[in-house]
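What follows is a short report on a single structure.
The values are calculated or read from the model by the stated rules, or taken from the named source; none is laboratory data. Computed from a predicted structure; not experimentally measured. Reconstructed Cβ throughout: ideal geometry from the backbone, glycine too, with neighbour counts over all protein chains shown.
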Amino acid sequence: MPRRAHPDSTDHLSPVSGRPPFREYLSQLVERRHFIGMQAWSQSTTQHRGMLLGNVWLVLAPALDGLIYFMIFGLILRAGGAIENFFGYLVIGVFLFTYTSRTINSSATSIHNNRGLIRAFTFPRAVLPVAATLRETFAMLPVLVTLIVLLVAVPPHALPTAAWVLLPVVFLVHAVFNQGIGFLLARIATALPDARQLIPYLLRLWFYGSAVMFAVDRFDSVPWIGQLVRINPMYQLLTIYRSLLLDATIPPIGQWVTVTLWALGALVVGALFFWRAEVSYGRE
Amino acid sequence: MAASEAPGRISVLVDDVSVRYRTETSNVDALPPAKRVLARAGQAIGLTTYTGVDALKGISFVAREGEHIGLVGANGSGKSTLLRVIAGVEPPRTGRVLAEATPVLLGVSAAMMPALTGERNVRLGLLALGFHPDEITEIMPGVIKLAGIGDAIHRPMKTYSSGMGARLRFAIAAAAQPSILLIDEALGTGDAAFADRSKRKIDELRAGAGTIFLVSHAAQTIEEMCTRAIWLHMGELIIDGPAVEVARAYRWWAHLVAKEDFQAADEAFTLARQGRPRIPPSSGSKPLSNHEGPA
């Protein structure tokens with residue numbers, strides 16, 4: 001051994017825990033991509049185990065949500081106003097907001113639910129919220145298919161147009177945005193378990209504030225709230241989905257830039273925020 | 001250094017490591033007076049009282065390649081905590097741990113994914129350890145064979161007995177061929193057949209591995225398997241030296257405590273702490289047994 005001469009040298013040692021530089025952290029994360037994939041997959045297969053309908057619930061749950069909201073807001077309260085295809089407007093809102101709320105819930109609980117893995121193995125903890133987002137994104141694919149089927153089947157039928165080609169693009173931006181928010185909530189909910197109780201209320205507030213089941217001009221009775229709703233990235237994402245799917249119009253470039261900036265901003269801030277507390281996730 | 005050969009390279013450096021747990025307590029009287037009133041009021045309305053418990057207090061030592069280090073101490077002395085800190089799964093409050101490779105922990109307490117089958121857990125565990133899917137396909141049969149739990153490998157892990165779970169985890173960690181191996185009482189679990197197989201596997205790992213840490217309540221095991229031992233007590237390092245000497249001093253102390261001869265126990269403890277471990281007077285070639293009294 002060439003080092004025999006200096007038995008007390010510690011140059012070849014490196015820390016066993018702690019926070020690597022951000023760039024290195026990201027490359028460690030990429031190295032564990034197979035782990036992320038399997039973690040995402042295994043959680044999605046066990047989620048509805050023991051239920052008669054199994055994974056059909058992935059589609060059934062948002063469909064029932066949409067039905068109830070349509071009954072109350074569409075048929076009874078007539079909240080649609082001037083909206084031509086209010087059914088389409090509503091199901092797009094409900095289905096795609098569900099994507100964000102499910103991702104937030106999964107990410108927020110991902111550290112707590114996988115503490116067995118955390119205590120057993122050393123790996124970048126960001127694996128867990130990333131796997132949570134990935135799982136919800138996969139779970140969303142059949143929901144998107146159902147959404148399309150409903151839009152086409154239910155009158156007034158929204159028929160496929162060229163604008164639909166951009167659907168994957170806005171979905172990707174949406175996924176990036178969700179990942180960013182997921183990172184934020186994963187750290188907050190781990191540091192402060194009470195946050196897990198609070199999240200459903202915040203999500204409901206956000207749900208109502210994103211013009212999911214009534215037209216946005218309903219908020220204009222209080223001008224600053226109307227402004228706030230229009231700045232809200234979820235409202236902006238839903239607007240893009242709706243104009244692509246219902247109006248067959250491609251939203252102006254400015255709108256795309258705004259949501260992309262929101263998504264990238266959330267991702268960068270979220271990832272940095274999560275990474276900074278890396279060492280704390282092993283504590284109980 | 002007690003090892004007779006030339007010292008190997010440093011493989012693990014533990015530098016002033018402290019760990020403090022924040023835990024629930026029902027004993028308000030143990031809190032500092034300033035906090036007592038508030039804690040009582042909190043308890044009255046159903047809030048939980050928390051207190052800090054020092055699990056490790058400023059532990060420092062260096063481990064070298066080729067060393068097998070046993071950790072001895074009473075329940076709650078911080079042995080398992082120290083092992084988790086070295087493994088990097090428990091961040092210390094102060095201090096640092098440096099290592100030449102990623103240490104692999106063989107623990108019995110870590111529950112993995114209870115809803116998944118044993119086979120899926122093996123795959124997931126190997127991925128978490130950083131294996132590539134192709135490698136996993138290759139080593140999977142060996143891991144399952146070492147675990148040796150038969151058909152149960154296809155059943156969810158939540159249906160496993162604790163022995164079966166421990167065997168599976170042992171097999172996963174062993175597959176990593178770690179150069180720094182941390183064993184937390186893993187040898188004590190499993191039936192005779194598995195104990196035999198795991199012993200062989202550990203011997204194999206020992207032959208290849210640089211450094212092994214072993215936590216065991218059985219000081220006898222430490223004497224047999226280790227070259228060096230560290231005695232921990234209430235989170236403090238009492239003595240660090242040759243395995244036989246330290247393990248025997250610990251057993252002598254534990255023996256005196258068990259006999260409720262606290263004065264002699266305190267004396268033995270103080271001597272050990274001063275670096276002059278007391279080997280029990282009657283211990284000859286045969287190690288002290290539980291039935292032997294003091295001279």
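Test each condition in (1) aliphatic (A, V, I, L, M); (2) part of a loop (DSSP other than H, G, I, E, B); (3) within 7 Å of chain A (Cβ to nearest Cβ); (4) within 20 Å of the chain's Cα centre (by Cα) for B:M113 and report the one that comes out false. Result: B:M113 fails condition (4) only. In summary, B:T137 fulfils each of the numbered conditions (1) more than 30 Å from B:R9 (Cβ to Cβ); (2) of a type in the set (S, T, N, Q); (3) in a loop (DSSP other than H, G, I, E, B) with the single exception of condition (3). If you go through region B:21-30 and keep only what is facing chain A (nearest Cβ under 10 Å) and either polar (S, T, N, Q) or touching a residue at least 60 places away in the same chain (Cβ under 8 Å) (or both), you end up with just B:T23.
This table checks each residue for (1) at pLDDT 85 or above; (2) over 28 Å from B:I183 (Cβ atoms); (3) in contact with a Lys or Arg (Cβ under 9 Å, 6 or more places away or on another chain).
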position	(1), (2), (3)
B:T227	yes, no, no
B:V244	yes, no, no
B:A254	yes, no, no
B:A272	no, no, yes
B:I279	no, no, yes
B:E292	no, yes, no
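Every condition in (1) outside any helix (DSSP H, G or I); (2) surrounded by fewer than 21 Cβ atoms within 10 Å (Cβ to Cβ) holds for A:L267 except the one numbered (1).
Taking the listed residues A:L141, A:L151, A:L147, A:L134, the one that is free of Cβ contacts under 8 Å to residues at least 40 places away in the same chain and among the hydrophobic types (A, V, I, L, M, F, W, C) is A:L141, with no other qualifying.
Please go through region A:135-181 and give me each residue that is among the small types (G, A, S), touching a helix residue (DSSP H, G or I) at 6+ places or on another chain (Cβ under 6 Å) and more than 22 Å from A:G265 (Cα to Cα), ordered by number. Hits for region A:135-181 are A:A139, A:A158, A:A163. Filtered by the rule that a residue be touching a strand residue (DSSP E or B) at 6+ places or on another chain (Cβ under 9 Å) and in contact (Cβ under 8 Å) with a residue 40 or more places away in the chain, region B:122-157 gives B:L129, B:P156, B:M157.
Whenever a residue of region A:94-121 is away from chain B (no Cβ under 14 Å), its partners that are not in a helix (DSSP H, G or I), lying with C-beta atoms within less than 8 angstrom and at least six residues away or across chains, give the pairs A:V94/A:V212; A:V94/A:M213; A:F97/A:S210; A:F97/A:V212. All conditions but one from (1) surrounded by 15 or more Cβ atoms within 10 Å (Cβ to Cβ); (2) over 17 Å from the mean Cα position of the chain (by Cα) apply to A:A153; the one that does not is (1).
Taking into account only those residues within region B:34-93 that are in a strand (DSSP E or B) and small (G, A, S), which is farthest from the other protein chains (Cβ to nearest Cβ)? It comes out as B:G70. Checking each residue in region B:116-134 for being under 30 Å from B:D15 (Cβ atoms), assigned to a loop (DSSP other than H, G, I, E, B) and either more than 7 Å from every other protein chain (Cβ to nearest Cβ) or not hydrophobic (A, V, I, L, M, F, W, C) (or both) picks out only B:G130.
Of all the residues in region B:220-241, those that are part of a strand (DSSP E or B) and crowded, with 18+ Cβ neighbours inside 10 Å number 11.
Which of the residues spanning region A:8-25 are among the hydroxyl-bearing types (S, T, Y) and loosely packed, with under 13 Cβ neighbours inside 10 Å? Correct list: A:S9 only.
Looking at region B:118-160, which of the residues that are among the polar types (S, T, N, Q) and surrounded by fewer than 18 Cβ atoms within 10 Å (Cβ to Cβ) is farthest from B:A173 (Cα to Cα)? Out of the qualifying residues, it is B:T159. Of everything in region A:201-223 that is among the aromatic types (F, W, Y) and part of a helix (DSSP H, G or I), the residue that is modelled with the lowest pLDDT is A:F219. Among the residues of region A:180-191, none qualifies, meaning not one is within 28 Å of A:P15 (Cβ to Cβ), within 14 Å of chain B (Cβ to nearest Cβ) and part of a loop (DSSP other than H, G, I, E, B). Residues that are basic (K, R) and in a helix (DSSP H, G or I) were ranked within region A:109-146; the one that is farthest from A:L184 (Cα to Cα) is A:R119. The numbered conditions (1) closer than 26 Å to A:R125 by Cα; (2) of a type in the set (K, R); (3) at pLDDT 85 or above are all true for B:K158 except (3).
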